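Novice: Okay, here's the structure, questions in a sec.
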Amino acid sequence: MKILVITEQRQGKWNKTSFETLVAAQQIAAATSGTVSGVVIGKGIAAFADEVAAKNVAEVLLVEHQLLDSYTPDGYCVALRQVIESAKPDLVLFPHTYQVRDFAPKLAAMLGKGMIGDCVGFRDQAGKLVFVRQMFQGKTVADVSFAGNAPWFASFQSGAFRADLLEPHPVGKAPVKPVNVEVKPEDIRTKPLDLFKEAKSAVDLTQAPLIVAIGRGIKAPENIPLAEAVAKAIGGEIAASRPICDEGWLPMERQIGSSGQTVAPKLYLALGISGAIQHVVGMKGARTIVAINKDSNAPIFEIADYGIVGDIFEIMPALTEELQKAKS
Amino acid sequence: MAIQREQLQADVLIVGAGPAGLSCALHLASLIQQHNASGAKPELSAENIYVLEKGREIGAHQLSGAIMNPKALAELVPDFQKSAPLDTPVTESAALIFTQKSSFRIPITPPPFQNHGNYVISLSKLVKYLGGLVEAAGVSVFKEFGGADLIYEGDGIAGVITEDKGLDRNGNPKANFTPGYELRAKITVLAEGTRGSLTKQLVAKKHLANINPQTYGLGIKELWDVQRGKIQPGYVAHTLGWPISTEMYGGGWIYGLSNNRVSIGLVVALEYEDPRFDPHAAFQIWKTHPFVRNILEGGQLVRYGAKSLPYGGWYAMPRNYFDGGLIVGDSGSFLDSQRLKGVHLAMKSGMLAAETIFEALQKEDYSARSLKSYKEKIDQSYIKTELWKVRNFHQGFQNGLLNGFLNSGLQQLTGGRGLVDPMRAHEGYEKYKPIDGRPAPERFKGDGKLTFDRLTDVYHSGTRHEEDQPCHLKVHDLNICATRCVEEYGNPCQYFCPAAVYEMAKEGAGVKLKINAANCVHCKTCDIADPYQIIDWVVPEGGGGPNYEGM
């Protein structure tokens, strides 16, 4: 059985699951007396190919092209299709990465094949290769095998095989064979922009010493700047009870309470928050709680250190002004 | 683009790990084990039985009073007395009539309120125990997976599609999106409990309803730890009267558990005239009765929950067998509304379903014709004996308490027949009377010690849902809510929901329905009691919902 392993590197860095997948390939090859070919794809990646060549593989196919510099699903599919058609493997393995999830099903479909994704193991069952994958969030596993003819496509989940079991090349180094692929600019329908990291939660309310939180009493999103002004004047973070975030007036990460963050700041200023227990459990650890609410029976006053029964729309601007005065 | 779903093939798929579903699984697994041990062919496997459960854990969504008649459990687990968590046997049964200030004990407790030989239990604990036995028997219970859709085939069903996971509130896939599985089975058992969402679909689509529509009650419960000596373990009392008007059907319960724990609750039929009746508030007010207050004072609320229950009985029982499937438990109307007991009947229905399935697996015939023997088994069992006697019971109360007592007395004398047999029932929501411009009453607030507002109680239900998911309460016409319903009924959803899910929020000059779906305790009241029948309760992402540990 000839096994092709499509490794993944990005911007000069390996995706480590590539090596785990190489281990899987080595083990399948051992069970089926097959061979493993590593595939390295991109641009300016000779060093990566050498690294794979030092492992126990029969060969490394080096797929380089100007248009493969940045990952695009079209570019990878067009190139890898040619690699598969010329190398004629029985089995093509991928690490189950986000990038593989993006292009591998498309590649398999281009060749009229199915794919078994996200496998955690394999078995050689009387000459038939069976893949094992989890179902029901890992509560059960299923054996899956291919019905049609080779080449077959499968990907392995991160952590399914141990990278430290990767066998080095027995005598030194496998040959690195460049494969010429034709990729035309018009093949590629997407234009990669600069890579960016999704911003982590922009705020960490649990670290904020001063929090100004708003509740239903704020009435409309247009009124939020009034509270933000208070927060700015005091040098604190803005936060909210569930209804506000539920309406989308503030992002979810600013929600305090049983279904949001639990905080214990030095000062918690609750504006128009009634103090339902669901909110209170998220902030009752605050050192000082100041509550402003027009309903004198609001439960927030039971836990507040200081309370003002009044209209937040009168108090917020006045408070901002006083705070600014005090600072200057 | 159609989603490609992964398929899994089972022999038997049971939707819902409650008393009925688990009894079915356990009984079937033991029949299979005996069958295989005897060397009979074809060999069967309990590993091909799957159970779906939408709760985080087995038992998480189980709520009942509960007093259990142990006879089905004794058949299912003969040595149950050694291993089952039964809490405490009933030692004293009282029936009390409440007026606002005082209470009278009926000198001779009427037979329906006699509970000698029964046990006060936590249904959640019992179900957790059954779940352990089921899993030990080799059956897979998939927790945190709900049945979202049925796979229809021919005149029946061929399995279930589980709910999609990882959708955001607009229905777009998030990074963790996992499409629901297509679980195909030779036989699918609907054991969804009260007002099952798949059962509802199926009964309508395949015209399985009986001569009466299903009618429901809503039970609201609190579990309290009280001061030592306030109540004896095994003491059970049922209360009638205040604060429930004689126009309505309902009553309270007080059950003494071990370790100074008390189960209290109020059940009301979801068929009343005032669309602004608030069952949760009625329960809170009931707690202020001197008799109840005395027990609770100085104690502490431990847990809260609510659930509807099917009152319809025999004449509301849907046809419970069809090609590829059966209906068991509360979904199938196996509840005695006179004694308000359904646990043993649910379990028995599950066991009879298991016997039917076992035969079907041997003959390899899963058609309605083959599964019809389920119905025959029910007719020959104590399920029919018990339900037949009370076949007209609840209908007799649809016109108030006094009428009900008259009817029920006559039925008692005539073996359940009464004046009219079968007595017809009507949908509970048809009973609402328009508000005719009456102003809305003030909402109940609670004192925070003995009585609570709904949000505080919901907090004690342990309810949790993934916040960023599509709303699982599908309202088909929001326009009705903001216009017709405001005028005609004053938006009863704000009042009947015991979890403060529905709220009419001001928007400009008018109002708009706001749904706080994350509060939902899965009682199904909205699906039942909405006057326009435009609310569909569907399963949320698996794992969401209350945590009824100990309930």
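All of the numbers you see were taken from the coordinates with simple rules; none came from a lab. Bear in mind that the values here come from a model prediction, so they are computed numbers and not experimental data. Note that each Cβ is placed from the backbone with ideal geometry, even for glycine, and that neighbours are counted across all protein chains shown.
Novice: Here are some pairs, B:Lys101/B:Lys449; B:Lys474/B:Lys514; B:Lys307/B:Lys348; B:Lys205/B:Lys384; which of them have Cα atoms lying more than 23 Å apart in this structure?
Specialist: The pairs that break the limit, which is 23 Å between Cα atoms, are B:Lys205/B:Lys384.
Novice: When DSSP beta bridges are limited to those with both residues in chain B, what percentage is antiparallel, rounded to the nearest 5?
Specialist: 70 percent
Novice: Here's a follow-up. When the Kirkwood radius is taken over all Cα pairs of chain B, what Stokes-Einstein diffusion coefficient follows at 10 °C and 1.306 mPa s, in µm²/s?
Specialist: Value of D from the Cα-based Kirkwood radius: 67 µm²/s.
Novice: Quick check on region A:260-328: what are the equivalent-ellipsoid semi-axes from the Cα gyration tensor, as sqrt(5λ), descending, whole Å?
Specialist: 21, 16, 9
Novice: Give me the number: length gained by fully extending B:Asn403 to B:Gln232, i.e. 0.36 nm times residue separation minus the C-alpha to C-alpha distance, one decimal in nm.
Specialist: Extra length from B:Asn403 to B:Gln232 when fully extended: 58.1 nm.
Novice: Straight-line reach from B:Lys445: which aspartates and glutamates have a Cα under 16 Å away, not including same-chain ones fewer than 8 places off?
Specialist: Result set, ordered by chain and number: A:Asp295, A:Glu302, B:Asp278, B:Asp453, B:Asp457, B:Glu503.
Novice: What residues have an amide H closer than 5 Å to that of A:Arg10, excluding those fewer than 5 places away on the same chain, when H is modeled at 1.01 Å from N in the peptide plane?
Specialist: A:Asn15
Novice: Using a 10 angstrom Cβ neighbour count of at most 11 plus a DSSP loop assignment to flag exposed trypsin sites (Lys or Arg not before Pro), which longest range of chain A is free of such sites?
Specialist: Counting only loop sites that pass the neighbour cut-off, the longest clear stretch is A:1-161.
Novice: Going toward the positive end of the dipole of region B:430-537, with +1 on Lys and Arg Cβ and -1 on Asp and Glu Cβ, which of B:Leu450, B:Met504, B:Asn519 do you reach last?
Specialist: About the Cα centre, the residue reaching furthest to the positive side is B:Leu450.
Novice: Using the number of other C-beta atoms within 10 angstrom as an exposure proxy, rank A:Thr7, B:Thr188, B:Thr178 with the fewest first.
Specialist: Going from sparsest to densest Cβ surroundings: B:Thr178, A:Thr7, B:Thr188.
Novice: Let me ask another. Which stretch or stretches of region B:426-463 have amide N atoms under 20 Å from the point lying 7 Å from A:Asp295's Cα along the Cα→Cβ direction?
Specialist: The answer is B:439-461.
Novice: Next question, about the same structure. Just want the ordering: B:Cys485, B:Cys24, from fewest to most Cβ atoms lying within 10 Å of their own Cβ.
Specialist: B:Cys485, B:Cys24
Novice: Kindly identify region A:205-327 as rounded, prolate or oblate by the Cα gyration tensor criterion: order the square roots of the eigenvalues as a ≥ b ≥ c, call it rounded if a/c is under 1.5, otherwise compare a/b with b/c, prolate if a/b is larger, else oblate.
Specialist: Since a/c stays below 1.5, the shape of region A:205-327 is classed as rounded.
Novice: Each label point is 7 Å from the Cα along the Cα-to-Cβ direction; what then is the distance between the points at B:Asn259 and A:Arg189, in nm?
Specialist: Using points 7 Å along Cα→Cβ, the separation is 6.3 nm.
Novice: Which whole-number percentage describes the relative contact order of region B:430-537, with Cα contacts under 8 Å and a sequence gap of 6 or more?
Specialist: About 31 percent, as a whole number.
Novice: So what's the projected area for region A:2-187, the Cα convex hull averaged over all directions, in nm²?
Specialist: Averaged projected area of region A:2-187's Cα convex hull equals 10.3 nm².
Novice: Could I ask something else about it? Would you mind working out the magnitude of the charge dipole of region B:438-551 relative to its Cα centre, with +1 at each Lys and Arg C-beta and -1 at each Asp and Glu C-beta, to the nearest 20 Debye?
Specialist: About 320 debye.
Novice: What whole number of Å gives the distance from the Cα centroid of region B:110-125 to the Cα centroid of region A:302-328?
Specialist: So the separation of the two Cα centres works out to 57 Å.
Novice: If the cut-off is a Cα-Cα distance under 18 Å, which lysines reach A:Lys113, setting aside same-chain residues fewer than 8 apart in sequence?
Specialist: Partners within reach: A:Lys2, A:Lys88, A:Lys128.
Novice: Say a paramagnetic label sat at a point 7 Å from the Cα of A:Ala150, along Cα to Cβ; which residues of region A:19-35 have their backbone N under 19 Å from it?
Specialist: Answer for region A:19-35: A:22-35.
Novice: Run the paramagnetic zone check for A:Lys43: 7 angstrom along Cα to Cβ, then residues of region A:76-104 with backbone nitrogen under 15 Å.
Specialist: Backbone N within reach: A:76, A:79.
Novice: With a cap of 16 neighbouring Cβ atoms within 10 Å, and only residues DSSP puts in a loop, list the GluC sites (Glu not before Pro) found in region B:349-406.
Specialist: Here the GluC sites (Glu not before Pro) that fit, given the DSSP loop and packing criteria, are B:Glu364.
Novice: Straight-line reach from A:Lys232: which lysines fall under 21 Å, measuring Cα to Cα and dropping same-chain residues less than 8 apart?
Specialist: Once the sequence-local lysines are set aside, what remains near A:Lys232 is A:Lys219, A:Lys266, A:Lys325, A:Lys327.
Novice: Moving to a separate point now. How big is D for region B:397-514, in µm² s⁻¹ as a whole number, if Stokes-Einstein is applied with the Kirkwood radius of its Cα pairs at 25 °C and 0.890 mPa s?
Specialist: 134 µm²/s
Novice: Give the separation of the Cα centroids, region B:30-53 to region B:163-191, in Å.
Specialist: 28 Å
Novice: Taking H as built 1.01 Å from N, whose amide H comes closer than 5 Å to the amide H of B:Glu503, not counting residues under 5 places away?
Specialist: B:Lys514, B:Asn516
Novice: At R0 = 30 Å, how high is the FRET efficiency between B:Glu359 and B:Lys384 if r is their beta carbon distance? Nearest 0.05 is fine.
Specialist: Calculated transfer efficiency: 0.95.
Novice: Report the semi-axes of the equivalent ellipsoid for region B:239-313 in whole Å, largest first, where each axis is √(5λ) for an eigenvalue λ of the Cα gyration tensor.
Specialist: Working through the eigenvalues yields semi-axes of 23, 14, 11 Å.
Novice: Tell me, B:His426, B:His280 in order of fewest to most beta-carbon neighbours within 10 Å?
Specialist: B:His426, B:His280
Novice: In the calculated pair distance distribution of the protein assembly as shown, what percentage of Cα-Cα distances lie above 36 Å?
Specialist: Counting pairs separated by more than 36 Å, the tail of P(r) holds 57 percent.
Novice: What is region A:40-96 by shape, rounded, prolate or oblate, if you read a ≥ b ≥ c off the alpha carbon gyration tensor as root eigenvalues and call it rounded for a/c under 1.5, prolate for a/b larger than b/c, and oblate otherwise?
Specialist: The shape class here is oblate.
Novice: Would you grab the residues whose amide H sits under 5 Å from the one on A:Gln261? Only those 5+ places off in sequence or on another chain, please, with H modelled 1.01 Å from N.
Specialist: When sequence neighbours closer than 5 places are left aside, the close amide H contacts are A:Gln255, A:Ile256.
Novice: Would you please state the base-10 log of I(q)/I(0) at q = 0.29 1/Å for region B:352-398, with intensities from the Debye formula using one equal scatterer on every alpha carbon?
Specialist: Log10 of I(q)/I(0), two decimals: -0.96.
Novice: With a cap of 13 neighbouring Cβ atoms within 10 Å, and only residues DSSP puts in a loop, list the GluC sites (Glu not before Pro) found in region B:43-133.
Specialist: Filter output for region B:43-133: B:Glu43.
Novice: Multiplying the sequence separation of A:Gln125 and A:Glu302 by 0.36 nm and subtracting their Cα-Cα distance, what value in nm do you get?
Specialist: The A:Gln125-A:Glu302 span can extend by a further 56.9 nm.
Novice: If you don't mind, another one. Charges only on Cβ, +1 for Lys and Arg, -1 for Asp and Glu: so what's the dipole of region A:205-327 about the Cα centre, in debye to the nearest 20?
Specialist: The dipole magnitude comes to about 280 debye.
Novice: Could you give me the ³J(HN,Hα) list for region A:86-103, computed from phi with Karplus coefficients 6.51, -1.76, 1.60 and θ = phi - 60°, whole Hz, x at Gly and Pro?
Specialist: Working through the residues one at a time gives 8, 7, 6, x, 8, 9, 10, 10, 10, x, 7, 9, 4, 5, 5, 4, 6, 10 Hz.
Novice: Another question, if that's okay. Between B:Asp225 and B:Ala37, what is the label-to-label distance in nm when each label sits 7 Å out along the Cα-to-Cβ direction?
Specialist: 4.3 nm
Novice: Could you tell me the calculated FRET efficiency between A:Lys266 and B:Ile534, based on Cβ-Cβ distance and R0 = 60 angstrom, to the nearest 0.05?
Specialist: Efficiency, from the Cβ-Cβ distance: 0.75.
Novice: Right, another one. Can you give me the distance in nm between label points at A:Gln324 and B:Ser45, each placed 7 Å from the Cα along the Cα-to-Cβ direction?
Specialist: Once both label points are built, they end up 7.4 nm from each other.
Novice: For region B:268-280, just list the computed ³J(HN,Hα) in residue order, Karplus coefficients 6.51, -1.76 and 1.60, θ = phi - 60°, integers in Hz, with x standing in for Gly and Pro.
Specialist: 10, 5, 7, 7, 9, 7, 7, x, 9, 4, 10, x, 5
Novice: How large is ³J(HN,Hα), in whole Hz, for each residue of region A:45-58 in order, when computed from phi with the Karplus curve 6.51 cos²θ - 1.76 cosθ + 1.60 and θ = phi - 60°, using x for Gly and Pro?
Specialist: The phi angles translate into 10, 4, 5, 5, 4, 4, 4, 5, 5, 6, 8, 6, 10, 6 Hz.
Novice: May I pose another question? What does the charge dipole of the protein assembly as shown about its Cα centre add up to, to the nearest 20 debye, if the Cβ of each Lys and Arg holds +1 and the Cβ of each Asp and Glu holds -1?
Specialist: 1220 debye
Novice: Other chains near A:273-283: what is the mean number of their Cβ atoms within 10 Å of each residue's Cβ?
Specialist: For this peptide, the per-residue mean of nearby foreign Cβ atoms is 3.
Novice: Same structure, new question: Mind giving me the FRET efficiency for B:Asp477 and A:Lys219? R0 is 22 Å, r the Cβ-Cβ distance, nearest 0.05 is fine.
Specialist: Working from the Cβ atoms, E equals 0.20.
Novice: Across the residues of B:3-10, average count of Cβ atoms on other protein chains within 10 Å?
Specialist: 1
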